[in-house]
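A short worksheet on the structure shown next.
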């Protein structure tokens, strides 16, 4: 089998929060260029991202919040929701495709149509809380995918692994009362969203990293904190919040990872998936704002998914 690659570039390009904003449409073009550099652009099973239903989104978000977003979405101009997050006419169509890609990727992997999947869509999602948009995010794509896997596929145990440089506070918030999901998150702290580092054994594993942390320390921390928790949870599906902003070149953070560190963590995730859930992994793009670094890091992540999926 191959790796499914979900995208909706034209629609996602319609979400543009303005000149100079780091979460820009060019991020997806950079990833495509990265795939071409490593020569795998034609080896992927390319899939169009469908639109998520409002019911699927409301499984994890306050229905009033969702309805209010659609009510205030402008037909022209921009509506600021916080200092980082702006709503425009193209924002919610793109957000629905991002959530829809994650749902469709779960369906493809669970049906055995693909070994694993990567969703190259934007806006990202892991900062969107139950009733609050923040941190460039409107809907929590990875949480929506997890809720869909539980509801539509009858799973009992799902794991979400988040290696974005910012803690997935939204994912923690919307799934805090869902005992079937293990959430592991590595992140720089102190840094937005300025989370506390409290863990809940068997449920919530936090791996805070100091500014300046390089690959060796990151790798040791993942092995120390995540792998045993995953073995204990024995997930039937692994979902990945794949943020590449821990790269040393990223302008929004202060960690010192390289592209090969993202390949390494992808390998470890695939090892755990092979052991527990027949290799079933769905990865969803989160951060990564230095375009060259994003291109290289995302390409090595997808290349690793593809190589392992073809074995």
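Laboratory data are not the source of any read-out in this text; all were calculated from the coordinates shown. Here the structure is a predicted model, which means the values were calculated and not measured. Cβ coordinates were reconstructed from backbone atoms using ideal geometry, including for glycine residues, and neighbour counts include every protein chain displayed.
Taking 7 Å steps out from each Cα toward its Cβ at residue 54 and residue 232 produces label points 4.1 nm apart.
Between residue 89 and residue 131, full extension at 0.36 nm per residue minus the direct alpha carbon distance yields a gain of 13.1 nm. For segment 85-154 versus segment 1-76, the spacing of their alpha-carbon centroids is 8 Å. The relative contact order of the chain comes to 21 percent, based on Cα pairs under 8 Å that sit 6 or more residues apart. How high is the FRET efficiency between residue 274 and residue 21 when r is their beta carbon distance and R₀ equals 35 Å, given to the nearest 0.05? Working from the Cβ atoms, E equals 0.35. Could you tell me which of rounded, prolate or oblate describes segment 131-204, using a ≥ b ≥ c as the square roots of the eigenvalues of the alpha-carbon gyration tensor, with rounded for a/c under 1.5 and, failing that, prolate when a/b is larger than b/c and oblate otherwise? Here segment 131-204 falls in the oblate category.
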